[in-house]
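In what follows, a single structure is set out as structure tokens and then discussed.
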Amino acid sequence: MYGFVRCAAAVPKLKVADCKYNAGEIISLINAASLKDVDLIVFPELCITGYTCADLFMQSALLTAAENALEIIAEATKGKNIAVVVGLPVNIGNSLYNCSAAIFDGVILGSVPKTYIPNYSEYYEKRWFKSGKNLNGGISLCGQVVPIGTNLVFAAEGIENFTFGIEICEDLWANIPPSCSLTLSGALIIANTSASNELATKNEYRVSLVSNQSARCICGYIYSSAGIGESTQDMVFSGHSIICENGSVLNEGDRFSLENELIISDIDTELLANDRRKNMTYGDFDAPEANIIPFPLYDRPKNDLMRHIRPRPFVPNDDDALNRRCSDIFSIQVGGLAKRVMHTNAKSLVIGISGGLDSTLALLVAVKVCDYLKIDRSTVLGITMPGFGTTDRTYNNALSLMKALGVKLMEIPIGEASMLHFDSIGHNPEIHDVTYENTQARERTQILMDLANKENGLVVGTGDLSELALGWATYNGDHMSMYGVNSGVPKTLVRVLVDWVSRFGNLDSEAVEVLRDILDTPVSPELLPPDKDNNINQKTEEIVGPYELHDFFLYYVVRCGFSPRKIYYLALNAFNGVYDSDTILKWLKNFYRRFFSQQFKRSCLPDGPKVGTINLSPRGDWRMPSDAMNTVWMEELEEL
């Protein structure tokens, strides 16, 4: 549903060489996964026999028992609508192969032999197994004729984009893992049946290896490793299980569990397919010839989504990750503006300071540029330009912050100039329409541009990515600058960055106190007169919608390319209990209306640095006709 494939990594309790017992535990996990609507479940390497059988692999009784157990497991999958991957030794001709079998509805779809056989340190697999890199064709297994080879790609007929390939343990650790070829051949998910013993810190490396391979191959990756039921004669196995998607860890199991372990997550194959289409380097490689094995798994409605959908996709949940993200972004902003200052030999940085979040972040960046270039902070010329909507709170915060940061300060009220302009164009100032608002924005921009000329400086833009997406900027007003330091930063991250600088920016207590109040101030352009108590009377989020919703929509529209229907579904999951369905749909429709109608503003943006995965610069990531129609998207929304 919506491109999600429900995947599981399972680690059963095992008894070494007891195939009948092991089959029972495997079946119990298959049944448990089926009840949770799992589409694909992956078990550890050689899980039917146990990985640590050693020379018992040379016993024909064990090999026969393994094949019988496989037949029992296959029979147990009938009617379950679940694809299963299990490991066992398979005798072919004069050699033994370490294989993984894919099963669906009683049918053994195919058998994949291990390509790279480890024979170093604690591993002695070449004593028993032969590499299957040249093994192709068909074999007889459990009374069925079964395809075998390292190039098998299994494709579900009832779920679009549900294709998977198999590699086994050491294959992942090789210079060029088989998953590289399998994914180029169309596999969107890789199943790895593994038996990786535990060493100090090896689990960390293992997670890195799995996540990096999923990123390199733009795939989902299910990794299931042997558990503590294995022999501990010389090694200990922890049952480490991991599910990744394009570099992100979706789920990770508990190690050293004494019970059966099952972790589940929904892998977004539509996202993976979209990312591969966008990544032209990925498409430059010739796809190796694959043996496509279809199977009739059907999609079924799932009542819940078994993965976390972050309501703020631009903001990491983890504090350490958030600190690193903020440090990186702020450094990119500073580095971009510093280069422009050096290149143009600018003598001043001119910024309009409103007391709001965006201009505050731009001011903090400009101040840091001065420190970085070892020039006086008075190089920054901060100008507050009170107008008809300016409140005492934002006015005082603007002045206090500039003083606390040690920048050069100017105050230029725009009321009189705006009234003269109203008179010149014949506009009644009592009519508080778009002309009334935009006159003020353009007057402020004219002041900034003229002062930049006078001071041999640059106008530093304050508008952010979210405003650009919605077109919430006055064309040739605050839409324009000489360098837009915030142009790649979404609104939800602007707030986080200002908060981060207040805590880690080595600012004095007075500056921090002002920043705390700015963070607590409603977002507003302050272009309409305040209320009778001199409070902000024009709150942006009451007009265009909550920025946390719009940033969510922006991420999934531009970064992922999803349909309106899927974005609505994801928003319902992410904002459950925060916004009702009607509210989400209302603002999603508004997002699409504004995103299409306001492209003309993005088509002529000033320069500014890209800081994350999304950028709307016409010279960067986003090229869209200014007159494109939104009919397809709006019609789909009307069907919801």
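Using +1 at the Cβ of each Lys and Arg and -1 at the Cβ of each Asp and Glu in the chain, identify which of Asn397, Ala441, Ala287 lies farthest towards the dipole's positive end.
Going by the charge dipole, the pick is Ala287.
Taking the Cβ-Cβ separation of Met634 and Ala61 as r and a Förster radius of 45 Å, what is the calculated FRET efficiency to the nearest 0.05?
0.10
About the Cα centre of the range 197-297, what is the dipole size in debye to 20, counting +1 per Lys and Arg Cβ and -1 per Asp and Glu Cβ, all else neutral?
Values: 7 positive and 16 negative charges, 55 e Å.
So the dipole magnitude of the range 197-297 works out to roughly 260 debye.
Can you give me the long-range amide H partners of Leu381? Hydrogens built in the peptide plane at 1.01 Å from N, cutoff under 5 Å, separation of 5 or more residues or another chain.
Long-range HN contacts for Leu381: Leu349, Val350, Ile351.
Place the peptides 600-610, 54-64 in order of packing, highest mean first, counting for every residue the other Cβ atoms within 10 Å and averaging per peptide.
Top of the packing list down: 600-610, 54-64.
How large is ³J(HN,Hα) for each residue in the range 126-140, as worked out from phi by the Karplus curve 6.51 cos²θ - 1.76 cosθ + 1.60 (θ = phi - 60°), to whole Hz, x for Gly and Pro?
Working through the residues one at a time gives 5, 5, 10, 10, 10, 5, x, 5, 10, 8, 9, x, x, 9, 9 Hz.
Pop out the ³J(HN,Hα) list for the range 159-168 in order, Karplus 6.51 cos²θ - 1.76 cosθ + 1.60 with θ = phi - 60°, rounded to Hz; leave Gly and Pro as x.
Here the 3J(HN,Hα) series is 10, 4, 6, 8, 10, 9, x, 10, 9, 10 Hz.
With +1 assigned to the C-beta of every Lys and Arg and -1 to the C-beta of every Asp and Glu, and no other charges, what is the dipole magnitude of the range 309-370 about the Cα centre in debye, to the nearest 20?
Charge dipole of the range 309-370: 260 debye, to the nearest 20.
How much mean residue ellipticity at 222 nm does the chain get from its helices, if each DSSP H run of length 4 or more adds -39500 (n - 2.57) and you divide by all residues, to the nearest 500 deg cm²/dmol?
Theoretical 222 nm ellipticity from helices: -12000 deg cm²/dmol.
Just to confirm a number: summing +1 for Lys and Arg and -1 for Asp and Glu over residues other than Thr492 whose beta-carbon lies under 13 angstrom from that of Thr492, what do you get? Each step should come with its number before you reach the end.
Details: positive: Arg310, Arg312, Arg325, Lys491, Arg495; negative: Asp358, Asp464, Glu467, Asp499, Glu541, Glu548, Asp551.
That sum, taken over residues with Cβ under 13 Å, equals -2.
Using DSSP to call loops (not H, G, I, E or B), can you name the GluC sites (Glu not before Pro) in the range 230-335 whose Cβ has at most 13 other Cβ atoms within 10 angstrom?
Answer in residue order: Glu259, Glu289.
Scanning the chain for helices, which whole DSSP H stretches are 27 Å or more long along the axis (Cα) and average -0.5 or more by Kyte-Doolittle? Before the final figure, lay out each step's value.
Details: long enough: 319-344 (38 Å, -0.21); 434-454 (30 Å, -0.90).
Membrane-span-like by this rule: 319-344.
Checking the cross-link filter: which lysines have an alpha carbon closer than 16 Å to that of Lys20, excluding same-chain neighbours under 8 positions apart?
none
With unit charges on the beta carbons (Lys and Arg positive, Asp and Glu negative) and the dipole taken about the Cα centre of the chain, which residue among Val498, Ser179, Gly227 sits farthest to the positive side?
Most positive-ward Cα: Ser179.
Relative contact order for the range 547-598: what percent, with Cα pairs under 8 Å and sequence separation of 6 or more?
41 percent
Work out the length of the dipole vector of the chain about its Cα centre, built from +1 on the beta-carbon of each Lys and Arg and -1 on the beta-carbon of each Asp and Glu, and round it to the nearest 20 debye.
Once rounded to the nearest 20, the dipole reads 1200 debye.
Compute the relative contact order of the range 319-384 as a whole-number percentage, counting only Cα pairs closer than 8 Å that sit 6 or more residues apart in sequence.
Values: 52 pairs, mean separation 24.1, N = 66.
37 percent.
Relative contact order for the chain using alpha-carbon pairs under 8 Å, separation at least 6, rounded to a whole percent?
Relative contact order comes out at 11 percent.
Pop the C-beta distance of Ile375 and Met410 into the FRET formula with R0 = 30 Å and round what comes out to the nearest 0.05.
With R0 = 30 Å, the Cβ-Cβ based efficiency is 0.95.
Would you please give the residues with an amide H less than 5 Å from that of Ile139, counting only those at least 5 places away or on a separate chain, with H modeled from the backbone geometry?
Hits under the 5 Å cutoff: Val146, Ile148.
Using a 1.4 Å probe on the protein chains only, how many percent of the accessible area of the chain belongs to carbon and sulfur? Don't jump to the answer; show the numbers that get you there.
Details: 12920 of 26520 Å².
Here carbon and sulfur together make up 49 percent of the probe-accessible area.
Name the lysines eligible as straight-distance cross-link partners of Lys539: C-alpha to C-alpha under 20 Å, and not fewer than 8 places from it in the same chain.
Lys491, Lys586, Lys589
Find the accessible area per residue for the chain; the probe is 1.4 Å, ligands and nucleic acids are left out, and the unit is Å². Don't skip to the answer; put the middle values down first.
Values: 26520 Å² over 640 residues.
With the other protein chains kept in place, the chain gives 41 Å² per residue.
Mind ordering 476-483, 625-632 by average Cβ neighbours within 10 Å, highest first?
The densest-packed peptide leads the list: 476-483, 625-632.
The values are calculated or read from the model by the stated rules, or taken from the named source; none is laboratory data. These numbers were taken from a predicted model, which means no experiment stands behind them. Positions of Cβ are backbone-derived with ideal geometry, glycine not excepted, and every protein chain shown enters the neighbour counts. Surface accessibility is based on the protein's heavy atoms, side chains included, excluding ligands, DNA and RNA. Shrake-Rupley method; radii C 1.70, N 1.55, O 1.52, S 1.80 Å.
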